[in-house]
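> Please read through the structure below; I'll follow up with questions.
The values are calculated or read from the model by the stated rules, or taken from the named source; none is laboratory data. The shown structure was predicted, so the numbers you read here are calculated from the model rather than taken from an experiment. Backbone-built Cβ (ideal geometry, glycine too); neighbour counts: all protein chains shown. All accessible areas refer to the heavy atoms of the entire protein, side chains included, with ligands and DNA or RNA removed. Shrake-Rupley method; radii C 1.70, N 1.55, O 1.52, S 1.80 Å.
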Amino acid sequence: MKLLSTLVGWVFPDFNYSWLVREFEDTVILELDFLQEARNAKRLAMMFSHRTDVYVPEIVDDLSTERLLVMDFVRGYKPTDTEGLISAGLPRDKVAKTISTVFGDMIHVHGFVHCDPHAGNLLVRHKANTSSWWSQFSTGVGMICVPALAITGAFHAAAVAAVISGTFALYNQNKDPLYELVVLDHGMYRRLEPNFRRLYCQLWESLLLRDHNLGRRTAISLGVSAEDYEVLSLIFTFRSPKHKQKMGTRMTKEQRKELREKFKHVTHADVNSFMKRLPRDLLFVSRTSNIVRSLNKSLGGTTRGRFKTMGESAVRGLTLENSKLLEESINERKHEAICQGAYRINLPVASEIDPPHKPISEIIEVFRLRFYLEVIDRIMLVFGYR
């Protein structure tokens, strides 16, 4: 791979991506160690042990080695098996939200990311359904509060309903689901640098709240220029940060034409240079996000719904502080590493040192995000934006 990338770069300098080779080397080495894959699977199972709609097959330690991995055998349907999911009565729209939430939390809250979540590495299966008092209570809160607020004439009842019921639903995330999302193949993982995790959360917060000053500061902290904030917005939301449509809607023909005109002089060398300046974590996160986007679309999920889910994970991730232990422990394990990335993947993440169970601060932040998105969208509709 190194020889091939060097030769390609020598013949076509604009396509010299040899700077990526080291990252792939580390990833391949770690993927071929099945004991490392077992450690990744166990960590992920622990991180999502509070959710009853996520299942990671148990590892049979006594039969597993560096070259052999033995785990539970699980039957299920691929997320892209539309006919199978429908015939089995599995709720595709809810599965879409679960996938977005789970991988959104991996990225923003835990900073420990499965980087290969394609349809072959995920299954959906049935699970017995029961009813809980909290499920009834959270629904009741939304129905009781909405009329009271609507009477005051302060806000449109629909907007308030979406904000309140959605915020309480954050703490009722499939407590009694009809299905489980089974996560397989835990070889390709990335432990995000703590500072990057928080910066990426800030980036999503700025994109959804249209806080351009925060977005430009975050872009600079990520290693690119303030002007590149627009490029990051195009990469992750497929629209300019200055767009005036509802979040999740497509760009107009005029907007696409304007962007093509603006970037018509960008060359492959410019793209290469831009990618090289980005944190390596961002490249892996982008891969995961693009696969999740594709799965969400296949399951009938909406772009707006995915953005809201990712945004909620981001604002919850910002309530979690990075611990000094994360950086201090790096040097302690470097001498044990079989490759440059091996010491990093097994380091603890912030959620393991300081578990993210801060309901008050999380509820406030999620409420603020939902309130902004629901109310601002309706204001835009009033003024004629679509």
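> Quickly run through the range 92-113 and pick out the residues that are hydrophobic (A, V, I, L, M, F, W, C) and modelled with pLDDT of 95 or more. Give the derivation first.
Just the residues of the range 92-113 that are hydrophobic (A, V, I, L, M, F, W, C), to begin with: 95-96, 99, 102-103, 106-107, 109, 112-113.
Answer for the range 92-113, where residues must be hydrophobic (A, V, I, L, M, F, W, C) and modelled with pLDDT of 95 or more: 95, 96, 99, 102, 103, 106, 107, 112, 113.
> Would you say residue 294 is surrounded by fewer than 19 Cβ atoms within 10 Å (Cβ to Cβ), touching a helix residue (DSSP H, G or I) at 6+ places or on another chain (Cβ under 9 Å) and at pLDDT 95 or above?
yes
> A further question follows. What are the residues in the range 61-77 that are without any contact (Cβ under 8 Å) to a residue 12 or more places away in the chain and in contact with a helix residue (DSSP H, G or I) (Cβ under 7 Å, 6 or more places away or on another chain), if any?
70 - this is the single residue of the range 61-77 that is without any contact (Cβ under 8 Å) to a residue 12 or more places away in the chain and in contact with a helix residue (DSSP H, G or I) (Cβ under 7 Å, 6 or more places away or on another chain).
> Only one of (1) part of a loop (DSSP other than H, G, I, E, B); (2) modelled with pLDDT under 95 fails for residue 30. Which number is that?
(1)
> Which of the residues that make up the range 21-31 are without any contact (Cβ under 8 Å) to a residue 40 or more places away in the chain and open to solvent by 30 Å² or more (accessible area, probe 1.4 Å)?
24, 28
> Looking at (1) modelled with pLDDT under 95; (2) farther than 24 Å from residue 273 by Cα, can you tell me which one residue 183 breaks?
Just one mismatch for residue 183, condition (1).
Quick grid of which residues meet (1) in contact (Cβ under 8 Å) with a residue 12 or more places away in the chain; (2) open to solvent by 40 Å² or more (accessible area, probe 1.4 Å); (3) under 22 Å from the mean Cα position of the chain (by Cα):
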site: 33; (1), (2), (3): yes, no, no
site: 37; (1), (2), (3): yes, no, yes
site: 55; (1), (2), (3): yes, yes, yes
site: 82; (1), (2), (3): yes, yes, no
site: 88; (1), (2), (3): yes, no, no
site: 105; (1), (2), (3): yes, no, yes
site: 115; (1), (2), (3): yes, no, yes
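> Ok, one more. Taking helices (runs of 4 or more DSSP H) that do not extend beyond the range 207-277, which have at least 2 residues that are closer than 26 Å to residue 374 by Cα and open to solvent by 60 Å² or more (accessible area, probe 1.4 Å)?
212-221, 253-262
> So, of the residues in the range 184-206 that are among the basic types (Lys, Arg) and open to solvent by less than 10 Å² (accessible area, probe 1.4 Å), which turns out to be nearest to residue 41 (Cα to Cα)?
In this case the residue turns out to be 191.
> Another question, if that's okay. Among the residues of the range 52-87, what is the count of those that are under 22 Å from residue 28 (Cα atoms), part of a loop (DSSP other than H, G, I, E, B) and of a type in the set (S, T, N, Q)?
Final tally of qualifying residues: 1.
> Can you tell me which residue within the range 297-351, out of those that are among the hydroxyl-bearing types (Ser, Thr, Tyr), assigned to a loop (DSSP other than H, G, I, E, B) and under 20 Å from the mean Cα position of the chain (by Cα), is modelled with the highest pLDDT?
Residue satisfying both the conditions and the ranking: 302.
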